[in-house]
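The values are calculated or read from the model by the stated rules, or taken from the named source; none is laboratory data. If you're wondering where the values come from, they're calculated on a predicted model, not measured in any experiment. Using ideal geometry, Cβ is built from the backbone for each residue, glycine included, and neighbour counts are taken over all protein chains shown.
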């Protein structure tokens, strides 16, 4: 849901998303706890970009909260802050830990695991606040929680600047 | 205008005032600091993480009767807040960097006097306090007021125990996989936490605030199928929770082993079909004198709607479990009730960050609102 829209005046809403990928979420939650939240970071998401380019009507882009991979994001979109969906803005540092969402890509029909790394070391970006919560869980399932500062483990500075959405793999069907 | 030209003009104006010029009908004043009237149970503290300038959070203090803005308390970087048991002090567990957003990190509990809203002390704590949106349970005091329990996240979870009498940090207690602090209301040395496997962790402190015992209960909720919101409210030592799909759970902490009530549903089968669900950040409130339970509800709930604002606020009699009223929800994402015999229900409008005040003595009736009050607030606490 995008009820923050009313307050923060962002763009039109759009893409419907699939729900209930509980088993994948649970599995990832366990994985995170078991691995001290260290995640593999895969290369940029080429699939989405290709699919996006093929569309006649341009679907929500990476500066829109409706972009498919932002389905469990709570923060400022780094794409509005000098970075992109998967890069931190210049002069900031990617968070060492992150929470995980499972988002449906409408362009290829697949579900992807998305690592929501915060970017750290400067004050809030303040641009493009986005609050979505598909599969988000309270902090007793820490790896699925987005109401906490994921810069918390960075040693230079835990200051929260913005949030990326890095595709880290395909989610298995539940 | 350059400074040298402006200077004499100001000097002339001051001289005119000082000479009692004929136009000075307004009494001459001296600036002072306003004094607060004694706090009433209708005073509310609204914790605002101010996410667009998160290093500079604040707590808005408002009188719920007059809607007068009484003043502000600084909560700094993702500070967590709670009142003392007697309401005389307000605690902020927060982080400061020596260079605002970089440099040396210092975590402290700032102590504010609620009679003056002035900062009166600080207690250094380990630099681990949870830099989180504000949820009830991230910072709580024990029932006897002796210890302050600070939720930590690194992201490994633990609780820092602060001795409020000695004004010092005492101990860190690991609480892996568990979250929030739920203080027992009959055994002040005991607190509980909700855990990711559906159990309750129960910790017992010794007289100095160090861990004496720790035990896990059996699983009492299903975090996969129907997770609990972390906020709890107590009636005596019975602590109430609601689940994402609208069930009420309870845990009695008066014994060493918690006793769980039978879960019951807020929604009828017909309402469940329409997916009426609780939502928000502080979705429940209770009035302990009348055993009434207030819940922020929205229809068409689905995966991911659990922080949505209320379309309605539902009122239940906790003892009979009967719903006694439905009112328009004021887009509430957080609610809190005063505990006096003319109670108010405070609601935070999640869409425009206004404070909405309901009278709750008999029927719940919306009376007034203050718009806007906050930037991005999520937690309300009323004066005891």
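Being closer than 15 Å to residue A:131 by Cα and part of a strand (DSSP E or B) is the filter here; which residues of segment A:147-160 pass it?
Within segment A:147-160, A:148 is the sole residue that qualifies.
Just for strands (runs of 3 or more DSSP E) wholly inside segment B:168-286: which have at least 1 residues that are more than 25 Å from the chain's Cα centre (by Cα) and at negative phi? So that I can check it myself, show each step before the final result.
On the way: elements: B:168-174, B:178-183, B:190-195, B:200-205, B:211-216, B:233-235, B:238-242, B:247-252.
Hits in segment B:168-286: B:211-216.
Got a sec? Which strands (runs of 3 or more DSSP E) wholly within segment B:81-128 have at least 2 residues that are within 14 Å of another protein chain (Cβ to nearest Cβ) and either in contact (Cβ under 8 Å) with a residue 24 or more places away in the chain or over 20 Å from residue B:382 (Cβ atoms) (or both)? Before you say what the answer is, go through the steps one by one.
Details: elements: B:89-97, B:105-113, B:118-125.
Once the strands (runs of 3 or more DSSP E) in segment B:81-128 are filtered for at least 2 residues that are within 14 Å of another protein chain (Cβ to nearest Cβ) and either in contact (Cβ under 8 Å) with a residue 24 or more places away in the chain or over 20 Å from residue B:382 (Cβ atoms) (or both), what remains is B:89-97, B:105-113.
I'd like the full set of residues that are touching a residue at least 12 places away in the same chain (Cβ under 8 Å), surrounded by fewer than 24 Cβ atoms within 10 Å (Cβ to Cβ) and assigned to a loop (DSSP other than H, G, I, E, B), limited to segment B:292-308.
Those that are touching a residue at least 12 places away in the same chain (Cβ under 8 Å), surrounded by fewer than 24 Cβ atoms within 10 Å (Cβ to Cβ) and assigned to a loop (DSSP other than H, G, I, E, B): B:299, B:300, B:301, B:302, B:305.
Would you call residue A:91 part of a loop (DSSP other than H, G, I, E, B) and in the same structural domain as residue A:66 (by TED's automatic domain parsing)? Break it down stepwise before answering.
Working: part of a loop (DSSP other than H, G, I, E, B): yes; in the same structural domain as residue A:66 (by TED's automatic domain parsing): yes.
When the stated conditions are applied, residue A:91 passes them.
Quick check on residue B:289: is it outside any strand (DSSP E or B), surrounded by 22 or more Cβ atoms within 10 Å (Cβ to Cβ) and out of contact with any helix residue (DSSP H, G or I) (no Cβ under 9 Å at 6 or more places or on another chain)? Give the derivation first.
Numbers: outside any strand (DSSP E or B): yes; surrounded by 22 or more Cβ atoms within 10 Å (Cβ to Cβ): no; out of contact with any helix residue (DSSP H, G or I) (no Cβ under 9 Å at 6 or more places or on another chain): yes.
Against the criterion (outside any strand (DSSP E or B), surrounded by 22 or more Cβ atoms within 10 Å (Cβ to Cβ) and out of contact with any helix residue (DSSP H, G or I) (no Cβ under 9 Å at 6 or more places or on another chain)), residue B:289 does not qualify.
Could you tell me whether any residue of segment A:109-122 is at the interface with another protein chain (Cβ under 10 Å from one of its Cβ atoms) and on the phi < 0 side of the Ramachandran plot?
Initially, segment A:109-122 is screened for residues at the interface with another protein chain (Cβ under 10 Å from one of its Cβ atoms), giving A:120-122.
Retained after the next criterion (residues that are on the phi < 0 side of the Ramachandran plot): A:120, A:122.
Looking through segment A:109-122, at least one residue is at the interface with another protein chain (Cβ under 10 Å from one of its Cβ atoms) and on the phi < 0 side of the Ramachandran plot.
Taking residue B:299 as the residue in question, decide whether it is modelled with pLDDT of 95 or more, within 14 Å of chain A (Cβ to nearest Cβ) and closer than 24 Å to residue B:137 by Cβ. Give the steps one after another, and end with the answer.
Details: modelled with pLDDT of 95 or more: yes; within 14 Å of chain A (Cβ to nearest Cβ): yes; closer than 24 Å to residue B:137 by Cβ: no.
When the stated conditions are applied, residue B:299 does not pass them.
Which residue out of A:94, A:139, A:72 is closer than 30 Å to residue B:242 by Cβ and out of contact with any helix residue (DSSP H, G or I) (no Cβ under 9 Å at 6 or more places or on another chain)?
Numbers: A:94 fails: closer than 30 Å to residue B:242 by Cβ; A:72 fails: out of contact with any helix residue (DSSP H, G or I) (no Cβ under 9 Å at 6 or more places or on another chain).
Checking each option against the conditions leaves just A:139.
Let me spell it out: the conditions are (1) in contact (Cβ under 8 Å) with a residue 12 or more places away in the chain; (2) more than 14 Å from chain B (Cβ to nearest Cβ); (3) touching a helix residue (DSSP H, G or I) at 6+ places or on another chain (Cβ under 9 Å), and residue A:83 meets all of them except one. Which number is the exception?
(3)
Restricting attention to segment B:137-157, and to residues there that are touching a residue at least 60 places away in the same chain (Cβ under 8 Å) and away from chain A (no Cβ under 12 Å), which single residue is farthest from the chain's Cα centre (by Cα)?
B:146
Out of the residues in segment A:137-147 that are touching a residue at least 12 places away in the same chain (Cβ under 8 Å) and facing chain B (nearest Cβ under 7 Å), which is nearest to residue B:351 (Cα to Cα)? Break it down stepwise before answering.
If we filter segment A:137-147 for residues that are touching a residue at least 12 places away in the same chain (Cβ under 8 Å), which is where we start, we get A:137, A:141-147.
Pick out the ones that are also facing chain B (nearest Cβ under 7 Å) and you get A:137, A:141-142, A:147.
Working: A:137: 22, A:141: 27, A:142: 27, A:147: 18 Å.
Across segment A:137-147, the extreme among qualifying residues is A:147.
Looking only at segment A:106-126, which residues are assigned to a loop (DSSP other than H, G, I, E, B) and over 11 Å from the mean Cα position of the chain (by Cα)?
So in segment A:106-126, the residues assigned to a loop (DSSP other than H, G, I, E, B) come out as A:106-109, A:117, A:121-126.
Correct list: A:106, A:107, A:108, A:109, A:121, A:122, A:123, A:124, A:125, A:126.
From B:163, B:113, which residue is touching a strand residue (DSSP E or B) at 6+ places or on another chain (Cβ under 6 Å), surrounded by fewer than 20 Cβ atoms within 10 Å (Cβ to Cβ) and under 21 Å from residue B:48 (Cα atoms)?
On the way: B:163 fails: under 21 Å from residue B:48 (Cα atoms).
Within the list B:163, B:113, the selection yields B:113.
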